[in-house]
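Quick notes on the structure that follows.
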Amino acid sequence: MAWSGEMRGRRPGSPATGDLPGPPTGPPTGRPTGRPGRPVLVFPPTPTGRFGLSAIALYPARSTLWARPRQRVRRQQRRSGETRPGERGAVVDVQSVVVVGTGRMASGIAAVFARGGLPVTVVGRSEASLARCRSAVEDSLTQLAAEGLLVDGDDVPAALARLSLATDLAAVGDTDLLVEAVVEDVSVKLDLFAEAEKVCAPRTILASASGQTAGVFASASSTPERYVAMHFWFPAPFVPLVELSAPEGTGQELLEELRALLLRLGKSPVVLRHDQSGLLGNRLQFALLREAVSLWAAGAASAEDIDLAVTAGFARRLAITGPLASADLGGLPTMFSFAGSVYPDLATGQAPEAAFGELAASGGSFVVDDADAPGLTATRVAELLRWMQHDAQQAAQQSAQDSAQDSAQNSARAARP
């Protein structure tokens, strides 16, 4: 194969490809609710306050026998090649997933689908890389299980049983969704998608998990309606955000149905209205990075203090209310006035600071030494798991309140003469 599933450019001293820190110690403190054979609750993070909270029901995959007649017809059409993803009348009915790549992002994405109850096959170049990937998936599932964050009635062996490994893409081409998570090289990804178009069924949705737009890959295809960007954020099992976009001209229906799929998997998807370079998260993240590096290069403060201004300041609010909701709470007239005085002095460079490039070329770092990276990574994962627990507990409480309210309303209606 011309493509590679290995991660490259790892910093010395950072965790090896596929490695994740061990599970936090201590007993599980939270667990989703549900009963075997019934819908069970998974808990995507949802904003609090005036935006409300919601719990999403994760249903076991429905068989063709029990699908609605219209869905059965559409599924038969897609399996016979009569319709393709993105075409009018096509229905997204993902029952199987292929993830191409064996690095840390690929293993994380595979863990997301396995946890969500879908059979997933990882395709890699070698048995050795696939073995590392399987170990990484097991590590992620073990960490989730230790915090009570697997679907009720599930366990690590059951979730891991949904994972298959393969070295031949053609052998697993009859799949509903293919997600590429190979090395960040556009030419490698284009080669992979060219091969996928030859061996995958016409119904297969072709998704890129990179930060590239879907149009980058769709423009080289005769079937651009099959392509989407499905950008998971690292580490995929523990960070809920997934960004979705499609090439210009592709119907939004496909993205909305993929959004529904990701919600059922417990993720927090966002759908872009336009196939925007950098999608949403990276544009926001790099806007902040550009300003932080500019302040550091100008000697305005130490790298440690610049980071502290974020982590001990507005970052704590942003985890609850995003920048626009925070502006609402701060008062738009006040924020607009202050923006007028701050905007003129913000960094606007179209290229990274020269000092940034020199630091990168020398193998240096802003704040984190190589020896500290593994411990800091473990701390970050532990905090992400605590966020997931909090979200699960909040959603369970809201679900119980909603059920009680529905029951009260039904009782009131039944009591009416």
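Each reported figure results from applying straightforward, stated rules to the coordinates on display, with no laboratory input. Nothing here was measured: the structure is a model prediction, and the numbers come from that model. Every residue, glycine among them, receives a Cβ derived from its backbone with ideal geometry; neighbour counts consider all protein chains shown.
Numbers at a glance
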quantity: Fully extended contour minus Cα-Cα distance, from R380 to D152, at 0.36 nm per residue; calculated: 79.5 nm
quantity: Nearest-0.05 FRET efficiency for A408 and Q285, computed from C-beta distance (R0 45 Å); calculated: 0.50
quantity: Amide H partners (placed H, <5 Å) of V99, local residues excluded; calculated: T121, V122, V123, V179
quantity: Dipole in debye (nearest 20) - the range 281-367, about Cα centre, beta carbon charges: Lys, Arg +1; Asp, Glu -1; calculated: 280
quantity: Cα-based shape type of the range 318-417, given that a ≥ b ≥ c are square roots of the gyration tensor eigenvalues and the cut on a/c is 1.5; calculated: oblate
quantity: Cα centroid separation - the range 348-390 against the range 225-303, whole Å; calculated: 19
quantity: Net +/- balance of residues flanking L206 in space, Cβ distance below 9 Å, scoring K and R +1, D and E -1; calculated: -1
quantity: Proximal charge balance of A246 [Cβ under 12 Å; K/R count +1, D/E count -1]; calculated: -4
quantity: Nearest-0.05 FRET efficiency for E184 and A220, computed from C-beta distance (R0 25 Å); calculated: 0.90
quantity: Ordering of 404-411, 393-400, 298-305 by burial proxy (mean other Cβ atoms within 10 Å per residue, highest first); calculated: 393-400, 298-305, 404-411
quantity: Burial ranking of peptide ranges 224-231, 362-369, 323-330, 206-213 (average Cβ count within 10 Å, highest at the top); calculated: 224-231, 206-213, 323-330, 362-369
